[in-house]
Amino acid sequence: MDDFGATTQILQLDSSIVPRVLLVDDDDLVLARLAPLVSAAGFGVLTAMSGEEAIAILERDFAPIVITDLRMPGMDGLSLVRALRTRSWPGYVYVLLLTIQDGEQDILAGLDAGADDYVSKRASGAHLLARLRTARRVLSLEHSLKRALDEKRELAMTDPLTGAHNRRYFTRHLARELKQAQRSGGHLSLLSIDVDHFKRINDGFGHEAGDAVLQALVRRMAAALRRDTDWYARLGGEEFAAVLGSTSLVGARQVAEQVRQAVAVTPIGTPAGEVAVTVSIGVSSLEALEPTPPPGIESLLRQAERCLFASKERGRNRVTLPEEIQACKT
């Protein structure tokens with residue numbers, strides 16, 4: 001049977017995931033034999049000569065596969081595995097124990113400590129590569145599952161028609177930003193945005209045209225909200241909201257005007273032809289609310305909606321702030 005220094009046929013792994021491997025052994029001759037073998041199989045290779053060094057390398061330069069010797073001075077292989085399992089990493093760490101001591105008790109101790117696999121140093125290079133292919137399949141599956149979960153999570157927070165965040169996202173993330181602003185004493189403003197005469201658009205041009213209007217509105221709104229701290233959501237129908245982090249009432253007025261002008265500047269193309277579209281906007285801000293009791297999402301949104309209603313009453317296609325109308329006071 002070949003040892004790790006012998007010539008062996010290198011099989012090219014065909015998975016799309018090509019992770020790096022961290023080799024951990026206190027014997028530099030072992031590392032010198034293993035590194036070319038693993039590298040020739042298509043993996044990136046990092047090396048460490050102790051468990052402590054391995055942890056430091058992973059924190060600086062993450063590798064999802066760790067092949068470690070079991071017996072090492074200081075932090076041995078079992079201690080390293082336990083340390084890996086108690087820490088948070090960017091992804092799953094697949095651990096393969098590699099040692100000359102391959103008795104049943106050693107194998108069970110390694111698996112109980114959290115190792116995923118176990119290979120004797122007496123095994124062939126081909127045997128090790130086969131175990132690495134298994135590791136890559138496991139990591140590929142983990143990656144696919146994580147991506148699927150991320151996509152489902154994104155869909156649960158996204159409006160399917162416009163691609164904007166939905167009400168669920170709005171409620172959850174506005175609550176976080178509100179608490180943060182209240183803790184730090186910072187600014188937070190909210191725009192309530194509604195398409196003027198949207199029913200007329202649907203009735204006169206058809207629902208496909210109405211959908212096209214909403215999609216174009218989101219694109220124009222996104223272009224007007226240029227800062228990383230600004231974001232928007234569709235609350236339902238033709239109603240949208242924009243959250244302006246670290247923004248005072250004066251700054252919110254300027255942003256609201258930018259949004260209003262971005263929508264009204266040119267007609268929107270639809271399957272039924274061009275449609276002139278405007279929006280009415282109501283503005284609210286933490287600074288315009290009574291500090292006691294501490295305002296919540298409801299009071300911030302209620303203030304913005306009252307101002308939105310005032311914009312509608314005053315002729316539409318305009319921005320209204322709390323100080324401009326008595327009805328917006330809380």
Efficiency by 1/(1 + (r/R0)^6): what FRET value for Glu208 and Arg176, r their Cβ-Cβ distance, R0 = 45 Å, to the nearest 0.05? 0.80
So if we plug the beta-carbon distance of Asp28 and Lys152 into 1/(1 + (r/R0)^6) with R0 = 56 Å, what FRET efficiency do we get, rounded to 0.05? 0.75
Using r as the Cβ-Cβ distance of Ala35 and Thr229, and R0 as 45 Å, what FRET efficiency do you calculate, to the nearest 0.05? 0.45
What's the exposure ranking of Leu58, Leu132, going from fewest to most Cβ atoms within 10 Å? Leu58, Leu132
Taking only Cα atoms, what is the 0 to 90° angle, nearest 10, from helix 297-313's long axis to the longest principal axis of the chain? 40 degrees
What value, in deg cm²/dmol to 500, does the helix sum -39500 (n - 2.57) over DSSP H runs of n ≥ 4 give at 222 nm once divided by the residues of the chain? -15000 deg cm²/dmol
Counting only backbone N atoms under 20 Å from a point 7 Å out along Cα-to-Cβ of Ala272, the residues of the range 199-229 in range are 199-218
Surrounding net charge for Glu305, when Lys and Arg each add one and Asp and Glu each subtract one, Cβ distance under 10 Å: 0
Residues other than Glu239 with Cβ under 11 Å of its Cβ, Lys/Arg counted +1 and Asp/Glu -1, net out at -1
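Since every read-out is calculated from the coordinates, none of them should be taken as a lab result. Quick caveat: nothing in here was measured; it's all calculated off a predicted structure. All Cβ positions, even for glycine, are placed from backbone atoms using ideal geometry, and neighbour counts span all protein chains on display.
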